[in-house]
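What follows is a short report on a single structure.
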Amino acid sequence: MKKITLNSKYRLFTKIIIWTISVGSIIIAFFSLPIFAAVLIAVICVVIPLIIDKIVFRYNILWIHPDLSDILLRRIGFSWFYEKNNGKMTPGFSILYERKYDAKYAYNILKSWNYGKYIDTQGNISVNFIDESENKFSVFLYPGERKQREEEIKATLKEKFPANSELNLKNRMFISIQNCGDYSDRPEMIEAFKLIRKTGKVLINTCYVVDNKIKSYAKRKFVIEKIRFVDRAALTEKDLEYKQVWENPIQKYPENAERVSKISINAG
């Protein structure tokens with residue numbers, strides 16, 4: 001018999017209806033029907049558990065990521081760098097904070113997204129570069145699809161739900177970082193973006209300010225080997241970046257721009 005799938009909210013209602021029909025039929029048969037009808041009712045009673053077993057109840061479960069907007073508000077910019085990785089100079093960026101504590105917190109968030117690992121080949125840390133044309137670029141950073149964690153959650157939930165349950169886990173993500181930049185006067189950055197697009201690799205770290213100089217939080221950078229680099233025109237409505245247009249960071253965050261202008265660009 002083919003399984004029937006119903007929303008979980010109908011589980012109790014379905015059981016009540018099926019058992020009401022069954023018990024009601026038995027009562028009616030007992031008082032008013034001949035013997036052969038009683039046999040038929042008995043058959044129905046045997047079939048009922050089989051029917052219930054073939055009904056699958058779907059549970060829609062919303063998986064909400066922590067709202068980390070506070071850590072986003074504290075960042076004051078990005079710091080770009082080159083570092084050798086497997087013998088080759090590789091471009092990278094650090095998320096810049098005023099305080100070491102915030103840099104540490106952000107670093108640990110990135111590490112948790114990649115399940116405690118430093119090399120990401122699965123897209124657990126989603127890094128998308130958008131070419132906005134005219135030497136303008138946007139960088140988006142947010143958790144990937146979280147397939148591994150999703151399977152772990154489903155396995156845990158299956159132990160708590162009846163066997164004839166179907167779990168529909170929906171992933172709702174709050175956090176995303178967008179960094180916009182106009183690099184018209186920085187040809188070295190244009191070359192860095194070309195290299196990132198060619199190799200599909202970028203390094204990530206966090207950093208903070210000490211005596212108006214940038215200091216890297218950790219020596220060990222995250223190596224992102226699965227990135228996306230597309231032109232703005234190639235985005236579709238399905239893309240998270242579609243509605244988040246490029247904005248001049250100096251105009252949008254004048255205080256951050258003024259603060260960054262006083263910081264030495266040489267990371268320590």
Problem set entry | In Hz, Karplus ³J(HN,Hα) per residue of the stretch 228-238 (6.51, -1.76, 1.60; θ = phi - 60°; x = Gly, Pro) | 10, 9, 9, 7, 4, 5, 7, 6, 10, 5, 6
For this session: Any of K117/K219; K84/K117; K104/K226; K201/K221; K136/K213; K221/K252 with alpha carbons more than 22 Å apart? Name them for me.
Result: K104/K226; K136/K213; K221/K252
Exercise. Could the peptides 198-211, 219-232 be put in order, highest first, of the mean number of other beta-carbon atoms found within 10 Å of their residues?
Worked result: 198-211, 219-232
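None of the figures in this text is laboratory data; all of them are computed from the coordinates on show. Just so it is clear, the model here is predicted, and its values are computed rather than measured. Neighbour counts are summed over all protein chains in view; Cβ atoms, including those assigned to glycine, are modelled from backbone coordinates with ideal geometry.
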